[in-house]
Amino acid sequence: MIATICLQEQVINRNGEDDNTLAIMNKYKWISKEIIFETKDTLTIVFDTKDSPFTYKPGQFINITCTINGKEVSRSYSLSSSPEDKYPSITVKKVAGGIMSNYLWEQAPGLSEWAVEGPFGNFVRDTDLKKETPLIFLGGGSGITPLFSLLKEAVREAMHPPVLLYANKAPDNIIFKEPLAHMDAAEQLHAFYAFSEGDKPSDDKNCIWGRFNTLSIKSILKRHCSNLEEAHCYICGPKELMTLYKDAVLSMGLRPDQVHLEDFQVAITDPSVLDLPDESFEVLINYYDSMVKEDAEQVYEITTLIPVAPRQNLLNAAKAHRIRVPHSCESGTCGSCWARHTKGTVKMVNNFALTKEQVADSMILLCQSYALDDQVTIELD
Ligand code: FES
C-alpha cells in the first residue's frame, strides 16, 4: 500500500467568496425572482442571477443544493427557460417520496437564496444541425421540461415547425399548457397529446384518448414531419415511454445518432466489464479543504499524490483518501463530480453531463474516469 504523500499545503484566503469566484467554479448564489404554479403538483422557480452572467444551452440542467433536516441534499433539474429568456428557471414536479421535490413544493415560495451549480448536460441541439433539419420532441409528464427549453429555441430558429408528442394522465397534467397552445395556434408547432386516464373532454383531433403506441407515433410523424429521414428526435420522460418512442423512430429508419435521449436514471457501469488495464497508478490531485480556526474558516490548497487501485475510478480513489468531492449519481449524469484533468491519460467511460466544449476544456467526471498512466494530474475547484 502506497502512503498518501502531501506534497504541498498552502493556506489561501477564500473567505467570503465573491460571485465572480463562484462563477469560475460553475457555482452560483441566486435569489428567487418568481414561483409559478404550473399544475396541481408542478411549479417553476424563476431565478434572479443578480446580474452575474450565466451561459447555458437549451436542454441543459443545473444542480440545486438545499439543507433539508440538517443535511445537504443536491438534485439535478433541467432548465425550462431558454437562454433568450430574461431569467433562468427550473420546473419541478412533486414526486411521491421525493425528498427534494417535496421540500421545494412546500418551501420554495419562502426560500430567497439558492445554491446552484452548472450548467451541465449534453442533451442539446447539435451545433452542426441545419435550420431546415426537422425537429421532433417526444415527451411524457415532467420530461417536457428540457424539451420546452429546446422547443423555444426550435420555434425561434428552425425553418419548419417542430412536432411535439406529449403524453400525460389527463389534460390538467399538461405542464406549460398555455404557451404550448399558443405556439400551436400560431402554427409554430404541431402538438399532439395522449391522455391515459380521465374522461374524454373534447373531439380535439390532436388528442389521443389512451396511450401513444408505435402505430400512432408513426402515423403522426409520417403526416406532420416532412423530410422525416433527416429529422433529429429529442426524447425525455418515463423510462418505458422513452423506449417506446426510441424504438418507434428507429423503426422508421432514423439512425441512432439522430435520436437524443435525456435519461436521469442511467445504470452504474460495473468496472469489471470495462476494457481497462489491471494496474495500479499514482495520481496527483490538487484540491481545496477548509477548517475553522479562531472562529474563521480557512481554506487550504493541497496537492497530494494518491494511489489508484486497478479498475478504481478517480472519485472512489479520492474518497478513499478522504478528499471531499461533491458527487451524487455516480453514473455520469449529474455532473457534480467534475474536475479538470491537466496531465496524463484518463479514460472517461460514460458522460451524460458535460458538453463537447467542456470535455475539450479538459473537464472530466471523476465517477466515470480511470487513470491509464502515472502522469495523471487532476484539479478540483
Ligand atoms: S457523481 Fe454524478 S456525474 Fe459523477
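So the values come out like this:
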{"read-out": "Test: residue in the range 296-309 that is closer than 30 Å to Ser142 by Cβ and not aliphatic (A, V, I, L, M)", "value": "no"}
{"read-out": "Residue match in the range 290-307 (condition: surrounded by 15 or more Cβ atoms within 10 Å (Cβ to Cβ), under 14 Å from Cys367 (Cα atoms) and out of contact with any helix residue (DSSP H, G or I) (no Cβ under 7 Å at 6 or more places or on another chain))", "value": "no"}
{"read-out": "Residues satisfying the stated conditions in the range 248-289, i.e. among the aromatic types (Phe, Trp, Tyr), open to solvent by less than 40 Å² (accessible area, probe 1.4 Å) and in contact with an Asp or Glu (Cβ under 6 Å, 6 or more places away or on another chain)", "value": "Phe281"}
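Rundown of residues vs (1) in contact with a Pro (Cβ under 7 Å, 6 or more places away or on another chain); (2) in contact (Cβ under 8 Å) with a residue 24 or more places away in the chain; (3) of a type in the set (Asp, Glu); (4) not in a helix (DSSP H, G or I), yes/no style:
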position: Ser142; (1), (2), (3), (4): no, yes, no, no
position: Thr145; (1), (2), (3), (4): no, yes, no, no
position: Ser149; (1), (2), (3), (4): yes, yes, no, no
position: Leu164; (1), (2), (3), (4): no, yes, no, yes
position: Ala167; (1), (2), (3), (4): no, yes, no, yes
position: Asp172; (1), (2), (3), (4): no, yes, yes, no
position: Ile175; (1), (2), (3), (4): no, yes, no, yes
position: Met183; (1), (2), (3), (4): no, yes, no, no
position: Gln188; (1), (2), (3), (4): yes, yes, no, yes
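Yes or no, residue by residue, for (1) at pLDDT below 95; (2) assigned by TED's automatic domain parsing to the domain that holds Leu254; (3) open to solvent by 40 Å² or more (accessible area, probe 1.4 Å):
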{"position": "Gly97", "(1), (2), (3)": "yes, no, yes"}
{"position": "Pro109", "(1), (2), (3)": "yes, no, yes"}
{"position": "Leu129", "(1), (2), (3)": "yes, no, no"}
{"position": "Thr145", "(1), (2), (3)": "no, yes, no"}
{"position": "Asn168", "(1), (2), (3)": "no, yes, no"}
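The values are calculated or read from the model by the stated rules, or taken from the named source; none is laboratory data. Since we're looking at a predicted model, the values are computed, not measured. Because the Cβ atoms are built from the backbone with ideal geometry, glycine has one as well, and the counts that use them run over all protein chains shown. Each accessible area value is taken on the protein alone, full model and side chains, heavy atoms only, with ligands, DNA and RNA left out. Shrake-Rupley method; radii C 1.70, N 1.55, O 1.52, S 1.80 Å.
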